[in-house]
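I have placed the structure first, in the form of structure tokens, so that the comments after it can refer back to it.
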Amino acid sequence: MPSSVSQSTLEYLARRLDEQAAEFPTSPEAVDPVTLADDIATLSRHLQHAVKRTQERFTAPATVHAPERAVLVRLARATAGMAHALGTLAEALAYATTGFQHEAVPDLAHTHPRNDPQVLRMLTAEKYVAARARLRYTAADLRTATPLPGPSAPRTTRPSTLSTVAPQELRRTRP
């Protein structure tokens, strides 16, 4: 039977996402396509593990109770955030590889400023910043424990006056 997914699981993933986001470069000069590819691979592994864990738990839905179900929903939302950050990093890789290609072959025609290697490095750095923000937002969301609705209190109903009156008394009060 697969192990359950708890708030501590989410906090562990949040720490990993924060650690990865903290390592992202902050300037165009620090952009390196090899490191970017490693960042993409690491985030892909986190995403794959989260999806696998969620899928394992839902193979036997009868064993997933309300508190764990709420945690799994939050984990599923986090996978969406991670996928979005992964897409942003993939765009960054496209910019970075194009920019480094232009740096490696200086004779390439720069017909448009967007083909300038320095501009492409800046675009890559901006994508890193966007991915960092998305990962930090996702990590913060994982840490935020939402209160689960507890069992509802039994409804108290006031006894009606009719139920406390004997049937004989009802007949006497009628005209």
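Given the criterion at pLDDT below 90 and not aromatic (F, W, Y), identify the matching residue among D107, D141.
Numbers: D141 fails: at pLDDT below 90.
Result: D107 is the single residue among D107, D141 that is at pLDDT below 90 and not aromatic (F, W, Y).
Could you run through region 59-75 and say how many residues are of a type in the set (A, V, I, L, M, F, W, C), open to solvent by 50 Å² or more (accessible area, probe 1.4 Å) and more than 18 Å from Y137 (Cα to Cα)?
Qualifying residue count for the region: 2.
Would you be able to tell me the number of residues in region 15-36 that are over 21 Å from the mean Cα position of the chain (by Cα) and among the hydrophobic types (A, V, I, L, M, F, W, C)?
Qualifying residue count for the region: 3.
Can you tell me which residue among E56, E29 is exposed (fewer than 12 other Cβ atoms within 10 Å of the Cβ) and either assigned to a loop (DSSP other than H, G, I, E, B) or in contact (Cβ under 8 Å) with a residue 40 or more places away in the chain (or both)?
Answer to the selection: E29.
Within the set of pairs 6+ apart or on separate chains, which have a first residue in region 59-82 that is on the phi < 0 side of the Ramachandran plot and free of Cβ contacts under 8 Å to residues at least 60 places away in the same chain, a second that is open to solvent by 50 Å² or more (accessible area, probe 1.4 Å) and assigned to a helix (DSSP H, G or I), and C-beta atoms under 7 Å apart?
Final answer for the pair search is T79/V51.
Check D39 against each of (1) farther than 14 Å from A125 by Cα; (2) in contact with a Phe, Trp or Tyr (Cβ under 9 Å, 6 or more places away or on another chain); (3) of a type outside the set (A, V, I, L, M, F, W, C) and name the one condition it does not meet.
Failing condition for D39: (1).
Collect the residues in region 8-26 that are open to solvent by less than 70 Å² (accessible area, probe 1.4 Å) and closer than 18 Å to A76 by Cβ, keeping them in residue-number order.
Correct list: T9, L10, L13, A14, R16, L17.
Of the numbered conditions (1) of a type in the set (K, R); (2) surrounded by 13 or more Cβ atoms within 10 Å (Cβ to Cβ); (3) at pLDDT 90 or above, R45 satisfies every one except a single condition; which is it?
Unmet for R45, out of (1) of a type in the set (K, R); (2) surrounded by 13 or more Cβ atoms within 10 Å (Cβ to Cβ); (3) at pLDDT 90 or above: (2).
Would you check if there is a residue in region 79-88 being open to solvent by less than 20 Å² (accessible area, probe 1.4 Å) and modelled with pLDDT under 90?
The answer is no; no qualifying residue exists.
The values are calculated or read from the model by the stated rules, or taken from the named source; none is laboratory data. Quick caveat: nothing in here was measured; it's all calculated off a predicted structure. Glycine also receives a Cβ, built like all others from the backbone with ideal geometry; neighbour counts cover every protein chain displayed. When the accessible area is computed, the model is the full protein with side chains, heavy atoms only, and any ligands, DNA or RNA have been set aside. Shrake-Rupley method; radii C 1.70, N 1.55, O 1.52, S 1.80 Å.
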